[in-house]
1. Given a 1.4 angstrom probe, I'd like the percentage of the accessible area of the chain that is carbon and sulfur, rounded to a whole number.
2. For region 32-140, just say rounded, prolate or oblate: build the C-alpha gyration tensor, square-root its eigenvalues into a ≥ b ≥ c, call rounded for a/c under 1.5, and beyond that prolate if a/b exceeds b/c, oblate if not.
3. Count the net charge of all other residues whose Cβ sits under 14 Å from the Cβ of Q111, scoring Lys and Arg as +1 and Asp and Glu as -1.
4. Leaving out ligands and nucleic acids, note down the accessible area per residue over the chain with a 1.4 angstrom probe, in whole Å².
5. Per residue of region 59-71, in order, report the coupling 6.51 cos²θ - 1.76 cosθ + 1.60 (Karplus, θ = phi - 60°) as ³J(HN,Hα) in whole Hz, putting x for Gly and Pro.
6. By average Cβ neighbour count within 10 Å, what is the ranking of 176-183, 52-59 from highest down?
7. Take A129 and E48, extend 7 Å from each Cα along the Cα→Cβ direction, and tell me the distance between the two endpoints in nm.
8. Antiparallel versus total DSSP beta bridges in region 1-100: what percent is that, nearest 5?
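The values are calculated or read from the model by the stated rules, or taken from the named source; none is laboratory data. Keep in mind it's a predicted model, so treat the numbers as computed, not measured. Cβ atoms come from the backbone with ideal geometry, glycine included; neighbour counts cover every protein chain shown. Calculation scope for accessible area: heavy atoms of the full protein, side chains included, ligands and nucleic acids excluded. Shrake-Rupley method; radii C 1.70, N 1.55, O 1.52, S 1.80 Å.
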Amino acid sequence: MKYPVNEVFETIQGEGTFTGVPAIFVRLQGCPVGCSWCDTKQTWELLESNRVAPEDVIQVDGAIGRWAELTASELVAAFNAKGFNAKHVVITGGEPCLYDLTEMTDYLHSQGYQTQIETSGTFEVQCAADTWVTVSPKVNMKGGYQVLKQALTRANEIKHPVATEKHITELDELLAGIELTDKTVCLQPISQKSRATELAMATCIARNWRLSIQTHKYLDID
């Protein structure tokens with residue numbers, strides 16, 4: 001299976017459970033969810049006019065929305081060609097769960113990598129059983145998609161963006177009936193605003209949840 005890849009780069013994971021872990025990010029093209037604060041809007045549309053050669057999306061700036069089709073084996077070959085050392089692969093977007101990621105994650109595991117998916121939870125999660133799934137629920141966004149129970153149930157980590165009390169209430173409504181004993185729940189302040197950070201910290205302390213700070217933005221790295 002070929003996947004539409006916007007960019008591939010090696011960095012440090014800046015969010016959630018794997019904060020600080022060296023990681024290879026595979027950013028897929030395409031997302032209809034329409035988050036107003038999205039910082040990768042160039043990934044929303046899969047335009048034929050922006051298709052490029054595979055080598056043009058490896059360790060280059062994906063900000064203009066270019067994309068190329070690569071198989072899982074071609075991705076691993078690109079990792080090796082670039083001398084990437086990280087063994088943690090983060091599949092993100094866009095919305096990566098627009099695509100069946102079973103073949104990609106199975107192949108990456110067979111080659112000695114561990115995998116993580118970052119998804120909005122608005123599409124069915126299809127991946128290897130050992131893949132770490134991070135659902136960052138996107139509620140009432142412009143695209144009109146609902147967060148799926150299947151995605152929340154499959155999630156290993158639920159990482160919710162927070163700015164106001166309304167976002168806490170939305171999360172509570174989403175999690176009603178979801179078994180949380182085997183999941184990590186993180187609150188992530190939107191845009192590092194002090195009010196959002198204070199709210200997230202207070203809620204995490206009250207509920208014994210985890211605070212997720214976008215450390216890559218403080219470090220000024222991708």
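1. Looking at the chain in its full context, I get 50 percent from C and S.
2. Working: a/c = 1.89, a/b = 1.12, b/c = 1.69.
Oblate is the answer for region 32-140, as a/c is 1.5 or above yet b/c matches or exceeds a/b.
3. On the way: positive: K87; negative: E74, E103, D106, D130.
Net charge in that neighbourhood comes out at -3.
4. About 47 Å² of surface per residue is accessible.
5. In residue order, the calculated couplings are 6, 10, 6, x, 5, 8, x, 5, 7, 9, 8, 9, 7 Hz.
6. Ranking, from highest mean packing down: 52-59, 176-183.
7. 4.2 nm
8. Percent antiparallel among DSSP bridges in region 1-100 is about 60.
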